[in-house]
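Report on one structure; see the data block that follows.
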Amino acid sequence: MTANSRCSAAEPPGLETQRREIDSLLRQCELRAGDAWYMVECRWYEQWKQFVETGDQNSSSFPGQIDNTELFEDLDSYHIKERLVENEDFVLVPAEAWHKLLSWYGMVDGQPPLERKVVDLPSTVKVEVYPIELFLCLHSNMENAVTAQFSRTDSIYTIQRAVCEAFAVPEGSECRLWMKSSDSSCERLRNTHVSVLDACLSTGMQTVIMETRNADGTWPSSRPQIINQCEKGDHKTVNPSLTLSYCASSSAQHHRGNHMFTFDIHGLGLGNAGRGSPADMRNSVEEPDSFRGQPGVCGLTNLGNTCFMNSALQCLSNTPPLTEYFLGNSYLDELNFTNPLGMKGEIAEAYADVVKQIWSGRHYSVVPRIFKTKVGHFASQFLGYQQHDSQELLSFLLDGLHEDLNRVKNKEYIELRDADGRPDQEVAEEAWRNHRRRNDSVIVDTFHGLFKSTLICPECRKISVTFDPFCYLSIPLPVSKERVMEVFFVSLDPYAKPAQHRVVVPKAGRVSDLCAALSETTGVPPSQMVVADVFNHRFYKIYTCDEALSCILDRDDIFVYELSAREEEPVLLALYLRERSHYRDYGSGSSSYGTTLFGHPLLLSVARGCCSQEALYTLFLQRLARYVRPPDPSEQPRPSPSSPPAARPRPASCRQLSRSRSRSRSRCSRSTSPEEEEEQEKLGEACSPANEQPAKRRACRKRRRSLFTIQAVNLQRVHRGCSVCAPGTLILLVSAAQPYVAIDWDPEMKKRFYNENEAQKYVKHPSMDVPLQQTTVQLQECIELFTTVETLEEENPWYCPVCKKHQLATKKLDLWSLPEVLIIHLKRFSYTKFTREKLESVVDFPLRNLDFSGFLLRKNVPSQEPPSRYDLIAVSNHYGGLRDGHYTSYARHKDNAQWYYFDDSKVTFAAEDQIVTSAAYVLFYQRQD
């Protein structure tokens, strides 16, 4: 038995010591390139924190073995899921902390540790959660293909050595590498000393091909060709040290996704096979020489979760004044290489390259690989290939382009002045002049406007007025005061399946509101309900009535249990189901048996005076009646070999009871020992009526021994005499704030008498069939909300110059002047301490003649200024939820006014009536002048 699969032989320290040691390691450990850190599933880690913070070894929050199941895509390959979020899905702990946790708790059988390296990237040092995954193959042996993971800081030479090792290439062979993307673009990897990051290699349909020089000094042909068919290959392990998987087929073709490729046998080299500049080869999909499409109607290849970037790029690409600026090469004269706030012109040049490719008319799709790499260089939040927000990328890009193209080479210091009662017109003109003295670029010319900000101190009534520039408007959506929740209701009727309900509750409500709403559909009084979050076969949290609903996430599995109202001195008892393993945990030095949780836990209301094992056994059988079959009287089930041997009943000594209690507090929550089994057998006799026939008592004992045993998880167990039970009866003393017990099943008995399929069944309440109504709001309503007075949040107070302290002032924003192209960001995503949600409301926005004159604070606009009417030119869409969304875009072509739908590399025509949807996220409007 290894420490990786079960509890270690080393006994862990006390809970306070565990907490202190791990906290100390987390505080002191710094990120150093090359160090190893480990991913731990967030809920397990939170359960462990709760366990050690209680200071109770018997706590029901015992987390069990480290279990990262929720992080894996599947349990065959153990590939981790895409788009995992740190501190929400997983936490990162340094190696020393990991090894301590592993030695104390062990790890679920078969799961590999999720070790990740710290890498030193151009703008940050970070733990590389998602290494780059590439396909590797030889040109001469195309039936073999492998996948391998590499760090972004690895060199191309590291990849070359991996190919040589995987395919047993003779040492000293002269070889060269080619990189081929799924879109068929090819590139020679000439410099083997550059890093994977600098070579623009990325996860997502990229293959590195190695060829070796022929004996006559020539190189084999090496031009990959796409074949649109696919066959499945067999997967084997080639070299575990390289985490390689092998793909074999009967033909000399490499299979991946929906394509496979083979080599051109006509001797066409890759050196100058492409058309156009080297940038063309890097960024575009190769097309026939005859292709000449509509400029601008061009897709962008998804490099791996880069749909957010593609959506933002397509919107900007279809912004006429900006695109004309780049296509006309005006940017070349304005590149600012010395601006300390800029990016040495690299972002502007990379963006210009993408725009020129899109509008060249020579490509069906462009691969923005270099642009993506440059963005990662200068904005570490966009490193890697996780999903991000298109508006956040857009904000970074507009700011980066502005600083790279800022015509002001030396920014002068300007002290900002408050209005101090001066006229708005005067203050606004001064603010705009000051802004242009430091910021003068095509981005300012096109996208910057001005709004008025008014702050009022709640104490001294000081009024502060400033005029501030903006590049886009982030406007709120009307938020519903109600929330729809889906919960499972577990009836007191043991034969009723759990029912899934959909209820409407106040968004700012409490758990009691949830119970009240559910009471209307079930007829059960709220006082007879208890709400719990069930995770991994245990109660992650049992809620009190006054707890806020905001701490319950939409993704949580919430169960509401009906309780009996007839009990005197009721005790809320939590019940877990556990299965004993077929072997003893000898590695821990204990004689007890390992257990595994299964099924759904239960919450029951039990009278305090009825907590004997006999009474609980009968109660549990009643509650499990739907999926637990009691033995027929004719059946005489014998314990399976894994069950503890039964012994003849004898009085239990204090020493035995002490051992029994200590084992019940075992940190691995193991099942009973043989002595405890004897107690169970004796219990059947002790709790039987005195006049019951001996044969009947023996049958009762066998039945109880055959199905399951009851273990206290965080209760005391003692023998004592009472008026209800005979002397020596085992009683569970309910002393814990929340008592937990477990019923432990022998595997054979579970197989015979526990119906797993029936236990998993549930029904849907008619409320689940009622479609959720989608609310529709007008864009004008959202703009009005933007200009509504609000009170600052406690996290962002304002320093009042009169009171000389921070105040929660009231704030009002008003629009003063608008830019040529107005970007409107709809704030669909809402984040609080406990919740993250996306607002799915349909915002009805006009495609033409959006009139802002009614929203402008400045009513007397000079006649020479352009009108405040705007037409829609582009939309960035977001579909799906917070964690698994997809971005696309609609855009109106600047030359033919036709609308197109851009979905990564796919471009289709779009009708105007398709554009207004609940997915609209960022709107681009151009002034009619």
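The table below lists the values:
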read-out: Filtered residue count, region 333-377, keeping only those that are aromatic (Phe, Trp, Tyr), out of contact with any Cys (no Cβ under 8 Å at 6 or more places or on another chain) and more than 23 Å from Glu392 (Cα to Cα); value: 1
read-out: Some residue of region 76-94 being part of a helix (DSSP H, G or I) and modelled with pLDDT of 90 or more; value: no
read-out: Leading residue by the ranking (surrounded by the most Cβ atoms within 10 Å (Cβ to Cβ)) among those in region 884-922 that are touching a His at 6+ places or on another chain (Cβ under 8 Å) and in a strand (DSSP E or B); value: Tyr887
read-out: From Thr153, Thr158, residue being open to solvent by 20 Å² or more (accessible area, probe 1.4 Å), closer than 21 Å to Gly34 by Cα and either assigned to a loop (DSSP other than H, G, I, E, B) or touching a helix residue (DSSP H, G or I) at 6+ places or on another chain (Cβ under 7 Å) (or both); value: Thr153
read-out: Of all residues in region 481-506 being buried (at least 17 other Cβ atoms within 10 Å of the Cβ) and out of contact with any Phe, Trp or Tyr (no Cβ under 6 Å at 6 or more places or on another chain), the one that is farthest from Gln778 (Cα to Cα); value: Phe489
read-out: Scan of region 494-511 for residues that are basic (Lys, Arg) and in contact with an Asp or Glu (Cβ under 7 Å, 6 or more places away or on another chain), ordered by number; value: Arg502, Lys507, Arg510
read-out: Options Met179, Met142: the member that is buried (at least 16 other Cβ atoms within 10 Å of the Cβ) and in a loop (DSSP other than H, G, I, E, B); value: Met142
read-out: Residues being at positive phi and open to solvent by less than 10 Å² (accessible area, probe 1.4 Å) - total across region 187-212; value: 0
read-out: In region 359-390, residue modelled with the highest pLDDT [restricted to those that are touching a strand residue (DSSP E or B) at 6+ places or on another chain (Cβ under 6 Å) and either open to solvent by 40 Å² or more (accessible area, probe 1.4 Å) or in a helix (DSSP H, G or I) (or both)]; value: Ser390
read-out: Any hit, region 558-574, residues being assigned to a loop (DSSP other than H, G, I, E, B), out of contact with any helix residue (DSSP H, G or I) (no Cβ under 9 Å at 6 or more places or on another chain) and either farther than 16 Å from His600 by Cβ or open to solvent by less than 30 Å² (accessible area, probe 1.4 Å) (or both); value: yes
read-out: Selection count, region 448-480, where residues are open to solvent by 30 Å² or more (accessible area, probe 1.4 Å) and small (Gly, Ala, Ser); value: 2
read-out: Residues of region 406-439 classified as closer than 30 Å to Asn329 by Cβ and open to solvent by less than 40 Å² (accessible area, probe 1.4 Å), total; value: 4
read-out: Condition check for Gly110: open to solvent by 40 Å² or more (accessible area, probe 1.4 Å), of a type in the set (Gly, Ala, Ser) and in contact with a Leu (Cβ under 9 Å, 6 or more places away or on another chain); value: yes
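The values are calculated or read from the model by the stated rules, or taken from the named source; none is laboratory data. On a predicted model such as this, the values are computed, not experimentally measured, just so you know. Here the Cβ is made from the backbone with ideal geometry for all residues, glycine too, and neighbour counts use every protein chain on show. Note: areas computed on protein heavy atoms with side chains; ligands, DNA, RNA excluded. Shrake-Rupley method; radii C 1.70, N 1.55, O 1.52, S 1.80 Å.
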